[in-house]
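Presented below is the structure to which this report refers.
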Amino acid sequence: MHLASSLLGSVSNFGSPQGVTKQDGWNHLLWNISFWFALPITLLVVCLIGYALFRYRERPGKERVPAQFQYHIPIEAAYTIIPLVVVAVIFGFMFNAENQQSKSPAPAAGNVLKITVDGFQWGWRFVYPNGHAEVGTADYTNINTNSDLPVLYLPANEPVQLHLVSLDVVHTFYVKDFLYNRDLIPGVDNNVNFTVKTPGIYQGQCNNICGEYHAYMRFLVQVMPADQYNQWYANQPACSVTTAGISGPPAPGTCDSQLSKGFQAGL
Ligand SMILES: [Cu+2]
């Protein structure tokens, strides 16, 4: 029953997750628009291939060289201009979706929760405003368990800003249900702003091949109602560290180093 309903859900979204943030509507729209462009083009191409395969199949006793044409200007113009227009239109929607998604929360949104996300080979560290850190390194022996992944705890229905910092190579913060990802690039300040509407546990992962154990660079996002989140946060002492994973935690830094970019993973 659950499988059937989730299958139905993904069919009605053309295979996309539903999305759980306030900002993902633009990406959802982009996905749907791309689908409606792709559908007729796919049908046209498949039908033409099918027609050519059938109409010009080899038949015994019918050996002939097909008629030879070249320089058919109207056809060449059409198959150049139409794809350019399609790509330009989709690019416009993509440009808009990215701009909308990247907009910072309006100043009126008040106190935005700011969390620093450090990515390193191969794990994550989430640092909260009081210096509390959730750190996890890959469990190189088991890719199938979620029980020892680092967890990013977030309040639902409150604006959140993640400051994405790479401690070594390029990584990508990707949560499928947010319909979004953004790179962590050494030396580049990347921020991502969103408000998650639906409490729940979501899977995240690095989405950029970043070395031998890239595939193990996973994390969880646990989104809680605001009061539950506040209770959790109140129980995290300033500068405390919670670790996950089995390959040993990064060397504990001072609170200042935890809050700075210079933190070394120490693996
Ligand atoms: Cu990575």
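Only the coordinates and a few stated rules stand behind these numbers; no lab work does. Keep in mind that this is a model prediction, so the values were computed, not measured. Note: ideal-geometry Cβ built from the backbone for every residue, glycine included; neighbour counts use all protein chains shown.
Below, the figures for the structure above:
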{"quantity": "Candidate aspartates and glutamates for bridging to Lys103, where Cα separation is under 18 Å - those fewer than 8 sequence places away on the same chain excluded", "calculated": "Asp24, Glu158, Asp183, Asp189"}
{"quantity": "Potential lengthening between Leu84 and Gln203 on full extension [0.36 nm per residue; Cα-Cα distance subtracted]", "calculated": "39.2 nm"}
{"quantity": "At R0 = 41 Å, FRET efficiency that the Cβ-Cβ distance of Ile49 and Asp189 yields, to 0.05", "calculated": "0.30"}
{"quantity": "Qualifying trypsin sites (Lys or Arg not before Pro) in segment 84-154, DSSP loop, other Cβ atoms within 10 Å at most 15", "calculated": "Lys103"}
